Amino acid sequence: MSAPCLLGAGRVAALIPAAGSGTRLGLGPKAFVEVAGRSLLARSVAALRPLVDEVLVALPEDLPLPADLVALDVQAVVGGDTRQASVRRLLHATAADTVLIHDAARPFLPENVVLDLLEAVAETGAATVALPVADTLVRAGPPGRWGELVPREGLWAVQTPQAFRRAALLAAHEQAARDGTQVTDDASLITRGGGQVRLVPGDARLFKVTTPGDLHLAAALAATWDAGGPR
Ligand SMILES: Nc1ccn([C@@H]2O[C@H](COP(=O)(O)OP(=O)(O)OP(=O)(O)O)[C@@H](O)[C@H]2O)c(=O)n1
Ligand SMILES: C[C@](O)(CO)[C@H](O)COP(=O)(O)O
């Protein structure tokens, strides 16, 4: 029996938005960028495939599914103009009970984080991985100048994966499409409709590869990760 079934989440689909253009990284479609010989997308898929019943990825329109993913039994859909649009297309392409949404751009995903998230979604219907903020926070004033201190108490930085009952997230996306709401993650859509979202402690290694500096960090981490270091 699969991990999701054991945890009571029903049939689980991992939905991976991977259709971004990677503007901030500047190396072309980001999900296809390689770290230590393996793409960000392949790393994210490999982390999730053993833990879920199906995997769907949203790709840029002109790019086929890489050959190494076909072997992993992955379905592809064409993504949209925004992350939100890509996730909406993925939601329409599955009939799973529970969906786990994970950025292709977060390639180092520890198994215990996924299992904690699946347990939480089975209990609550909506949960996201996140980390308590550890730095002092400031809102900038004039460009490049300290403006106002933001108390960090109670603040968490939201990561992925996030997990939801598919029907609830699909309804939230359809509502957002009707009223033109644009948000940067899926948990926000649930809370806009009055829903509760459980925060599940994440992992520093789940950082999102966004800028060139992150790629150096990813290469360093891959050396221990690929050698089977602690997950
Ligand atoms: N139209 C889009 C935009 C983003 N994504 C995906 O959403 C995740 C988070 O997006 P982000 O890190 O912003 O990636 P990019 O949009 O590629 O980066 P940038 O904003 O620098 O262009 C990534 O896995 C990305 O591929 C997507 O599926 N469809
Ligand atoms: C979903 C997300 O990774 C949670 O932190 C984030 O909001 C994505 O933002 P992006 O600007 O699309 O990278």
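Considering the conditions (1) closer than 22 Å to Ala105 by Cα; (2) over 19 Å from the mean Cα position of the chain (by Cα), Arg178 is excluded by exactly one of them, (1). Per the conditions (1) assigned to a loop (DSSP other than H, G, I, E, B); (2) within 22 Å of Pro201 (Cβ to Cβ); (3) β-branched (Val, Ile, Thr), the sole criterion not satisfied by Thr94 is (2).
Please go through segment 68-82 and give me each residue that is within 16 Å of ligand 2 (Cβ to nearest atom) and without any contact (Cβ under 8 Å) to a residue 24 or more places away in the chain, ordered by number. Break it down into steps so the answer makes sense when it comes.
Filtering segment 68-82 for residues within 16 Å of ligand 2 (Cβ to nearest atom) gives 79-82.
Within segment 68-82, Asp81 is the sole residue that qualifies.
Is it true that Trp156 is over 19 Å from the mean Cα position of the chain (by Cα), more than 16 Å from Ala120 (Cα to Cα) and either surrounded by 12 or more Cβ atoms within 10 Å (Cβ to Cβ) or not small (Gly, Ala, Ser) (or both)? So Trp156 fails the test.
Applying the selection to segment 106-126, what residues are more than 16 Å from ligand 1 (Cβ to nearest atom), in a loop (DSSP other than H, G, I, E, B) and either without any contact (Cβ under 8 Å) to a residue 24 or more places away in the chain or at negative phi (or both)?
Once the filter is applied, which keeps residues that are more than 16 Å from ligand 1 (Cβ to nearest atom), in a loop (DSSP other than H, G, I, E, B) and either without any contact (Cβ under 8 Å) to a residue 24 or more places away in the chain or at negative phi (or both), segment 106-126 yields only Pro110.
Ala58 satisfies every condition listed in (1) over 28 Å from Thr98 (Cβ atoms); (2) touching a Gly at 6+ places or on another chain (Cβ under 6 Å) except (1).
Here are Val158, Val209: which of them is in contact with a Lys or Arg (Cβ under 9 Å, 6 or more places away or on another chain), within 13 Å of ligand 2 (Cβ to nearest atom), modelled with pLDDT of 95 or more and not in a helix (DSSP H, G or I)?
Values: Val158 fails: in contact with a Lys or Arg (Cβ under 9 Å, 6 or more places away or on another chain).
The match here is Val209.
Filtering Ala167, Ala177 for residues that are surrounded by fewer than 16 Cβ atoms within 10 Å (Cβ to Cβ), within 16 Å of ligand 1 (Cβ to nearest atom) and more than 24 Å from Arg43 (Cα to Cα) leaves a single hit, Ala177.
Against the conditions (1) assigned to a loop (DSSP other than H, G, I, E, B); (2) within 15 Å of Leu109 (Cα to Cα), Ala130 satisfies every one except (1).
The criterion of at least 3 residues that are more than 10 Å from ligand 1 (Cβ to nearest atom) and more than 30 Å from Gly213 (Cβ to Cβ) is met, among helices (runs of 4 or more DSSP H) falling completely within segment 1-78, by 3-7.
For segment 75-122, a tally of residues being more than 21 Å from Leu170 (Cβ to Cβ), among the hydrophobic types (A, V, I, L, M, F, W, C) and surrounded by fewer than 24 Cβ atoms within 10 Å (Cβ to Cβ) returns 3.
Can you tell me which of Arg38, Arg49 is more than 16 Å from the chain's Cα centre (by Cα), charged (D, E, K, R) and surrounded by fewer than 21 Cβ atoms within 10 Å (Cβ to Cβ)? Arg38 is the lone residue from the list that is more than 16 Å from the chain's Cα centre (by Cα), charged (D, E, K, R) and surrounded by fewer than 21 Cβ atoms within 10 Å (Cβ to Cβ).
Return a yes/no flag: does segment 181-192 have any residue that is among the aliphatic types (A, V, I, L, M), within 15 Å of the chain's Cα centre (by Cα) and part of a loop (DSSP other than H, G, I, E, B). Scanning segment 181-192 turns up at least one residue that is among the aliphatic types (A, V, I, L, M), within 15 Å of the chain's Cα centre (by Cα) and part of a loop (DSSP other than H, G, I, E, B).
The values are calculated or read from the model by the stated rules, or taken from the named source; none is laboratory data. Keep in mind it's a predicted model, so treat the numbers as computed, not measured. Please note: Cβ atoms are built from the backbone with ideal geometry, for glycine as well, and neighbour counts cover all protein chains shown.
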